[in-house]
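To start, the structure itself, in structure tokens.
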Amino acid sequence: MTLLRLCLLALLVLSPPSGWAEESVITRNIDPWESVNRKIFVFNDALDRWVLRPTAVGYKYVTPDFAEQGISNFIVNMYEFNSFFNSLLQGEFRGAAHAGGRFLVNSTLGLLGVFDVATPMGITPFRADFGQTLAVWGMEPGPYVMLPVFGPKTVRSTFGYFTDTYTSIPYLINEQTWAWGFWTVELIDYRAQLLDADDLITGDRYIFLRDAYLQRREAFVKRGAVDDSFSDFEKDSEDWEEF
């Protein structure tokens, strides 16, 4: 899911009540490290404004649409392996069949995933990551944390993120130059996809992105089964499509 959808969701459901600026008990529970998190957010925001966003703008300007789509497809295909692995750990065997099938089909017929030929064949995406696996195993999300460079996370999704990174194909190939090159292109490509979402962020940027991230993450972990007004909207997402 791109940040564009994430922001649209937040705009739909995060209408601030009166007294929004007053810190609630819920806020203190989910974000007990807010003072530190905000300082890191300022650093990340400056890094994005002066380095990452201009790079993404240049990347999008010089890269033809078909090439950009192919790069995005290739990156997604690399992580189908993680979805397959985590689906098995979660006992989601049909999901594992979809993720594994997509990886095999797109890696061969789709030329390493540059072309998504699996979806037209009816092999729909099934996303799973290790943070979600930890949730299935009973681990609570823990407090919200803003990581330098890596952005918004929870304690649980932080463990999941780095586990997925170091069990991903780019890392397992054991060629560090290639792995770091892949992750760099991945970051630029991802940021390029979010350029249209920048103007949707209103009010306190820190709170907006925090609450949007937490709701998106909860929806992903529960595969759309969230007790709030946007769960029906989210169920239309391919990230938790029924099959």
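Coordinate-derived values only; no laboratory data. These numbers come from a predicted model, not from an experiment. Quick reminder, even Gly has a Cβ in these numbers, built from the backbone with ideal geometry, and neighbours come from all protein chains shown.
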Task: Nonlocal amide H pairs with residue 144, under 5 Å, H built at 1.01 Å - done: 31
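Based on the mean of other Cβ atoms within 10 Å per residue, sort peptides 147-157, 198-208, 94-104 so the most packed one is first. Working shown, then result.
Values: 147-157: 17.7, 198-208: 13.6, 94-104: 20.1.
The packing order, highest mean first, is 94-104, 147-157, 198-208.
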Open item on the list: I'd like the Karplus ³J(HN,Hα) series for the range 176-191: coefficients 6.51, -1.76, 1.60, θ = phi - 60°, whole numbers in Hz, and an x wherever there's a Gly or Pro.
Closed with: 4, 4, 5, 4, 5, x, 4, 5, 5, 5, 4, 5, 5, 5, 5, 5
Open item on the list: Viscosity 0.692 mPa s, temperature 37 °C: what is the translational diffusion coefficient of the range 71-166 from Stokes-Einstein with a Kirkwood Rh over Cα pairs, rounded to a whole number of µm²/s?
Closed with: 235 µm²/s
Task: Kirkwood Rh (inverse of mean 1/r, distinct Cα pairs), the range 103-220, angstrom - done: 16.7 Å
